[in-house]
Structures are given as structure tokens and as C-alpha cells.
Amino acid sequence: MLGRDRDDDGGRHSFEEYVAARRGALLRTAYLLTGHREDAEDLVQVALVKVVPRWSRIASDPEPYVRRVLVNESISRWRRRRWREVSTDDLPDGPVGGPVDGPGADRVALQRALARLAPRQRAVVVLRYYEDLTEAETARVLGISVGTVKSQARDALARLRADAADTVTA
């Protein structure tokens, strides 16, 4: 039976139960990694498809593995897409990414700031400060050293602070 594990074997649950319980949280994390709802939905679906064949090995603690697949797939997608961007001489009619006022302005500003980070920096920020993982847990999920987590977080936060300062002066 694909994706089914017995509940009496050390707290393991079925794949379907995991998805039902964690889908919202996975979508939020994916959204913070991608910056777009549709891309987040695609990212979660691809990650879950990649997890299914390994479910019997990770069912007792799937969260770190699923997060790692999300992050790795997000970085891979970013790498593939950045070469497809095409420059144009035509400018949009109105401002794109200009200042936003009113309800939700802080959220939009944060989304824009996260989008300007490199994918690895964005992953570190999302895992450390949104998912509230420790430096060691973040390092394990990303497959990097704790020192790299620290330096990526430092650089990302410096960039976010600089972006915030530029926004305030504008």
C-alpha cells in the first residue's frame, strides 16, 4: 500500500495524514521561498511527489526531509528560471514594485525584500526565523555547516536592514 504505515510502529503516520496535517504550513513555507502563490503550490506538489518513494524511511520524522526537498527544489527552480529572464526596452505603463500604502504594506514590503535575497539566504531566513529552527537544525535541513548558516543569516539580515533603510528614506 503506497504511503501507508501503521500507527502502532513508533508514531509513524500515513503519507496522506501527514499531507492533510501539514499542507498549510508547507504552502506558507513554500510561499516565503518563492514569493508567488502558484509557484508555492507547484513547489509543494513537486516536493511531496519526491518524498513519496522514501516515505517508509522518513515517516517517523518527515519534517526535516520535506523541508530540505522544498528548499533544494526552490533553489533548483530559481537557477533554471534566472536564465530565462529576458530584458526588454519596453517599460510598463505604471510603477511596478513601487511603494505600497495601507493595510498589508508591511507584508508586501517583506515579500519584496525576501525576493531580493539569494535563494540560499532566503532559505536560511525562512527556516531560522519563520520556521523557528535552530542553527543546527537549519544546517541539517540545508546540508550545510552551522557556520554557513550563521554567515548566510548575517548577510541576509544585513541586506534586509539595508533594504529597510532605503525604503524609509524613500
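Worth a mention:
- Enumeration of residues in the range 141-164 that are surrounded by 14 or more Cβ atoms within 10 Å (Cβ to Cβ) and modelled with pLDDT under 90: 141, 142, 160, 163
- Residue-level check: of (1) in a helix (DSSP H, G or I); (2) modelled with pLDDT under 90; (3) under 22 Å from residue 30 (Cβ atoms), residue 84 misses just (1).
- Residues located in the range 141-160, provided they are in contact (Cβ under 8 Å) with a residue 40 or more places away in the chain and part of a helix (DSSP H, G or I): 141, 142, 159, 160
- Pick from the range 124-138, criterion part of a helix (DSSP H, G or I) and over 14 Å from residue 160 (Cα atoms), ranking: modelled with the lowest pLDDT: 130
The values are calculated or read from the model by the stated rules, or taken from the named source; none is laboratory data. Here the structure is a predicted model, which is why all the values come from computation and not from measurement. A quick note on method: Cβ atoms are made from the backbone with ideal geometry, for glycine too, and the neighbour counts reach across all protein chains shown.
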